[in-house]
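The values are calculated or read from the model by the stated rules, or taken from the named source; none is laboratory data. All values derive from a computational prediction rather than experimental measurement. Positions of Cβ are backbone-derived with ideal geometry, glycine not excepted, and every protein chain shown enters the neighbour counts.
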Amino acid sequence: MPKTLLPLALAAAIALPGFARAADPLPPPRIIVSGEGEASAAPDLAVLSLSVMREAKTARAALDAGNDAMAAVIAAMKSAGIEDRDLQTGGLQINPRYNYTNKPDGNQEAELVAYQVTNTLTVRIRNIDKTGELLDKAVSLGVNQGGGISFSNEDPSKTLTEARKKAVADAMAKARTLAEAAGVSVGRVLEIVDQNMAPMPMPMSAKSFDSARAAVPVEAGENSYKVQVNVTFELK
């Protein structure tokens, strides 16, 4: 190639990619809408959080007292039909307790008066009709603190599927409404992003344990599963 033509060839080679990019088709117009769906199901699993707190002059004595009380609770749960897989220690805490007195110089003097031991047990109850009975039995055996009760579903997949269908239908209806208002029509679906929200547990305060009677009234109600989807549609 003659030397005089070499700069022109190089310039053309550099310019060609720019022409190729300019020729690329523009992405089709699109719209992103969100849809929500909700479905409910009766729970089939109850989860209890039961705690035994014992106090003594020494940590050893407090731990022994807590161990004895919790062992009785675990034995009662097993005798009521709760399987080993549904019993789990949720925590063990040993804390000193101090009394503080004010001194004449304005400082405080700490005096160790006792040790507190708290042992927590998580119990999954698959026959939720027995929840009140088991709670009463646990309190009778020495449970004096608790995180609460929650009701859930062991397999919520069918309920979530129903909620997802409702969420997608809601998104499609919104997209058609918006497109019609803009004078266009909805095309194919380009993307769907799923965001499901689990139901919140239903708490029961520790004060409820103090007033537990022969049969603690427990109502499981229903769990509501909410799903939100973000759907991207092509516009025509």
Please state which one of I94, I125 is modelled with pLDDT of 90 or more and buried (at least 19 other Cβ atoms within 10 Å of the Cβ).
-> I125
Would you mind stating whether N107 is surrounded by fewer than 15 Cβ atoms within 10 Å (Cβ to Cβ) and in contact with a strand residue (DSSP E or B) (Cβ under 8 Å, 6 or more places away or on another chain)?
-> no
Matching entry among V47, V33, V52 (being within 30 Å of N99 (Cα to Cα) and in a strand (DSSP E or B)) | V52
Among the residues of region 146-160, which ones are surrounded by 14 or more Cβ atoms within 10 Å (Cβ to Cβ) and either under 13 Å from A220 (Cβ atoms) or not aliphatic (A, V, I, L, M) (or both)?
-> G146, G147, G148, I149, S150, F151, S152, N153, P156, T159
Only residues in region 57-75 that are in the same structural domain as A138 (by TED's automatic domain parsing) count as the first member; pair them with residues that are surrounded by fewer than 17 Cβ atoms within 10 Å (Cβ to Cβ) and of a type in the set (S, T, N, Q), Cβ under 7 angstrom, at least 6 apart or cross-chain, and list the lot.
-> A62/Q116
What number goes with the only condition from (1) buried (at least 16 other Cβ atoms within 10 Å of the Cβ); (2) part of a strand (DSSP E or B); (3) at pLDDT 85 or above that A167 does not pass?
-> (2)
Within region 113-135, work out how many residues are polar (S, T, N, Q) and over 23 Å from the mean Cα position of the chain (by Cα).
-> 3
Odd one out for D84, checked against (1) touching a strand residue (DSSP E or B) at 6+ places or on another chain (Cβ under 8 Å); (2) within 30 Å of E219 (Cβ to Cβ) | (1)
